Amino acid sequence: MKESHAVVSARGARRWQQGHPWIFRSDVVRPPAAPPGAVPVRDQQGRALGWALWSPASEISLRRIDADPEATIDAAWWHERLRRAFERRLPLADVADAYRLVHGEGDGLPSLVVDRFDRWLVVQFLSAGVESFREEIIAALHALSGAEGALARNDASVRAREGLERAVEPLWGDVPHEVAVSEHGVRFLAAPHTGQKTGAFLDQRENRVLAGSVARGRALDVFSYHGSFALHLARRADTVIAVDSSAQAIARAAENAVLNDLRNITLVEADAFEFLRAREQARDRYETIVLDPPAFAKNKASLEGAVRGYKEINLRAMRLLAPGGLLYTASCSYHLTKPRFLEMLQEAAADSGRRMVLRAFTGQPLDHPEVLTVPETGYLKGALLEAD
Ligand code: SAH
């Protein structure tokens, strides 16, 4: 008779003991005879190891959700797990109405992402296992959030690797195409249906406050998206130039400047590499610069090329700093580790001929928990640097 539990190798079991929730296909000794869903997992000696989400088509076959073999993975289980994730964000509700409510593995809810934009939610079901609990998750989100509407941004490419369709679908209510949200006194329009990620980059919220708090003089926000850093910089700096290659993002940045009654922001639709090169040739100088590029390293193989890209923009930004100028520089490439990021900055500083002081090293905010034993939950790092 076929059994509906999974049997995993000693290597797979060890991964769990060391605090990582994923078991790869190569460590599944006997797959469960079950559709995607929650399955009990045992080792080859028959010991019960807990419950996992089962994704038959994926390289990541099993994602642990509960270490207790006696657990029941039902609607009440999802409600309780989501309640804990919501509770962790309570302090944020005082300062912002846009933040991440569920950060997948970081919240013990593998492959589930939920972002709040004011009275609306954007959800991503990123594995076949989690997709099978869609109804339970929607019911719990509805009850816990009281949100007026929710949208599934199930157009993420990882869904293809799970054998899932890619689409943007309403879950309940009507989610507007533009939602005005506020973060630490700055307002901006997020675009839940069509924007990058789930409509805005929520992970930089506190880093934007940091950069804003030290901004002065002439400021540059490079890779600005809809101007999120620029809006914070413009409250203290004399002038801000925001640069992005996306016409849509720049158009929304213009609306965001109006929304905040800020008239000192100039928007430029351009390639950031070309822009920085041209500013350097023109011998421009800036007191404040922000670099927040997209993930140049999409995988391990592209890391070295990506590092060259990061180094180039950082080197140029360092050269563009006025005496005493500040650079806030970030990377959201998971494959670029914290030590490699710092090493890249050291190399750029050495080539720039400037003496650069590390004033702060930053990471992810409260709503994007980085679990030490699950490296994939951590990807964002940043540095605030001061030139001589
Ligand atoms: N700083 C933003 C997030 C930036 S995400 C915030 O805090 O909200 C990276 C941005 O870089 C995206 O908006 C993308 O459109 C832009 N981008 C990607 N490649 C680019 C390039 N070569 N030149 C300029 N912008 C680019």
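Segment Glu255..Glu274, full-extension length gain: 4.3 nm, with 0.36 nm per residue of separation and the alpha-carbon distance subtracted. Separation of region 27-44 and region 291-310, taken as the distance between their Cα centroids, equals 36 angstrom. Taking other residues whose beta carbon is less than 9 angstrom from the beta carbon of His368, and scoring Lys, Arg as +1 and Asp, Glu as -1, yields -2. Between the Cα long axis of helix 205-214 and the first principal axis of the chain there is an angle of about 20°, rounded to the nearest 10. Database remark: amide H of Asp221 closer than 5 angstrom to the amide H of Ile241, Ala242, Val243, Val290 (H placed geometrically; neighbours at sequence offset of 5 or more, or on other chains; Pro and chain starts carry no H).
Find out how many positive minus negative residues lie around Glu165, taking Lys and Arg as positive, Asp and Glu as negative, among other residues whose Cβ is under 14 Å from that of Glu165. Show your work: numbers first, answer last.
Details: positive: Arg134, Arg153, Arg159, Arg161, Arg166; negative: Glu131, Asp155, Glu162, Glu169.
Residues near Glu165 contribute +1 overall.
Centroid-to-centroid, using Cα positions, region 61-117 and region 205-219 are 31 Å apart.
The dipole here belongs to region 75-179: it is taken about the Cα centre, uses +1 on the Cβ of Lys and Arg and -1 on the Cβ of Asp and Glu, and is about 280 debye.
Suppose only helical runs count, i.e. DSSP H with n ≥ 4. What mean residue ellipticity at 222 nm does that imply for the chain under -39500 (n - 2.57) per run, divided by all residues and rounded to the nearest 500 deg cm²/dmol?
On the way: 11 runs with 114 residues, N = 388.
Per the formula, -8500 deg cm²/dmol.
Tell me the net charge near Ala297. Cut-off is 12 Å between Cβ atoms, Ala297 excluded, with +1 for each Lys or Arg and -1 for each Asp or Glu. Net charge around Ala297: +3.
Taking a ≥ b ≥ c as the square roots of the eigenvalues of the Cα gyration tensor of region 6-66, is the shape rounded (a/c under 1.5), prolate (a/b larger than b/c) or oblate? Because its axes are fairly even, with a/c under 1.5, region 6-66 counts as rounded. With respect to the chain, whose longest principal axis is taken over its alpha-carbon atoms, helix 134-145 is tilted by about 50°. Placing unit charges on each Cβ (+1 for Lys and Arg, -1 for Asp and Glu) gives the chain a dipole about its Cα centre, and among Ala282, Ser4, Ser228 the Cα reaching farthest toward its positive end belongs to Ala282.
Can you compute log10 of I(q)/I(0) for region 170-215 with the Debye formula, treating each Cα as one identical point scatterer, at q = 0.21, 0.23 Å⁻¹? For region 170-215, the Cα-only Debye profile gives -0.77, -0.87. Per residue, the convex hull around the alpha carbon atoms of region 203-387 comes to 112 Å³.
Taking Cα atoms, how many degrees apart are the long axis of helix 303-320 and the longest axis of the chain, rounded to 10 and kept between 0 and 90? With both axes taken from Cα atoms, the answer is about 30 degrees.
Taken together, the values in this text are just the output of simple stated rules run on the coordinates, not laboratory data. As the structure is a prediction and not an experimental result, all values here were calculated from the model. We place every Cβ from the backbone using ideal geometry, glycine too, and count neighbours over all the protein chains shown.
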